[in-house]
Each structure stands twice: as C-alpha cells, then as structure tokens.
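All remarks here apply to the structure that follows.
The values are calculated or read from the model by the stated rules, or taken from the named source; none is laboratory data. Since we're looking at a predicted model, the values are computed, not measured. Counting neighbours? That spans all protein chains shown, and the Cβs are built from the backbone with ideal geometry, glycine included.
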Amino acid sequence: MKDYSLIIFDADGTLTPFRDGELGPFSFTLLPGVIEKCRQLEDDGVLMCIASNQSARRPICEIAAQLEWTKAQIGARHYDFQMNPLYQKPNPAMLLGDMDWFSADKKDTLFVGDQPTDQEAAAAAGVDFMWAKDFFGSEQ
C-alpha cells in the first residue's frame, strides 16, 4: 500500500458493527483488526477521520456520541456526518470537506469503506479507495 497522509474511514460496517436497522442502538465495539491497524497508522503519523451517512431519524446527540467514541478509539482527529440524502455518499461532499479540513491533496488521501456507495464517493472525489475487509485484513 502506498503512503497516505490522510485516511478517511466510513463508520458503520467499516470501523464498527452495523446497527440493527437505521435506529438500532450503537454497540460501542470496534470490528476485528481496527484498533491495531489504526494505532499503527497513528504511530506512523497518518491523519485519520471518519465520514458517515446517518439517518435523519436518529437524534444528533446519539450520532455525535457514537462518532466521538469511535474517533477517540481509533485516534482520529475529525469526524463528519451527513443526514441530508442529497449530500450523503456517493456524493463526494463529505470527503472533499474532510480533505479541505486537513488541507490534504487528493493524491495523498485514501477512503476506506464497505459499501458500493463508499467506492462511488471516492471515485467522485478523485481519491483512492480500499475495501475495509482488505484494509483491515479480515472479514468486516
């Protein structure tokens, strides 16, 4: 894998288990391999953030609590979420905003996800993409 200065992760199904339905409770659990890989990235000085589609039916305080917890667990410096379907992935707006937040170049950015919409968002943003199962070396 090439060296990246910024790695953006999807949340549900990439870093954490899927919830039971769009309103299901968050389990405060990381998927296998996530903590080890992210600690290595942090040690290597790679910047990390999270970009997540979220249901407009979930309370914002629940979304923020989930993403704050996940951010702290993996050593990420930022998270972003979108509740408006017009701006959710595969729209590249979140990824482009995250790159702007970090002043990162497209060529130095990787997006890691588990859904076709994640792959489509990466292509639309002009950044490299990797499937979570390949990145973390386990079935997510």
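What to note about this one:
- Annotation note: Cβ proximity below 7 Å between a residue of the stretch 1-20 that is over 20 Å from Leu96 (Cα atoms) and a residue that is of a type in the set (Asp, Glu) (sequence gap 6+ or interchain) occurs for Gly13/Asp114; Phe18/Asp12; Arg19/Asp12.
- In the stretch 93-120, the residues that are in contact with a helix residue (DSSP H, G or I) (Cβ under 6 Å, 6 or more places away or on another chain) and either among the hydroxyl-bearing types (Ser, Thr, Tyr) or more than 23 Å from Pro32 (Cα to Cα) (or both): Leu95, Leu96, Thr109
- Failed condition for Thr14, given (1) β-branched (Val, Ile, Thr); (2) out of contact with any strand residue (DSSP E or B) (no Cβ under 9 Å at 6 or more places or on another chain); (3) outside any helix (DSSP H, G or I): (2)
- Taking the criterion of being at pLDDT 95 or above and of a type in the set (A, V, I, L, M, F, W, C), the residues of the stretch 77-115 that qualify are Phe81, Ala93, Met94, Leu95, Leu96, Met99, Trp101, Phe102, Ala104, Leu110, Phe111, Val112.
- Among all residues of the stretch 124-134, there is at least one that is free of Cβ contacts under 8 Å to residues at least 12 places away in the same chain and either part of a helix (DSSP H, G or I) or touching a Cys at 6+ places or on another chain (Cβ under 9 Å) (or both).
- Residue within the stretch 9-27 that is modelled with pLDDT of 95 or more, under 18 Å from Phe136 (Cβ atoms) and more than 14 Å from the chain's Cα centre (by Cα) present: no
- Residue within the stretch 59-66 that is within 23 Å of Lys133 (Cβ to Cβ) and either free of Cβ contacts under 8 Å to residues at least 40 places away in the same chain or not aliphatic (A, V, I, L, M) (or both) present: yes
- Subset of the stretch 94-140 [surrounded by 22 or more Cβ atoms within 10 Å (Cβ to Cβ) and among the small types (Gly, Ala, Ser)]: Gly113, Ala121, Ala122, Ala125, Ala132
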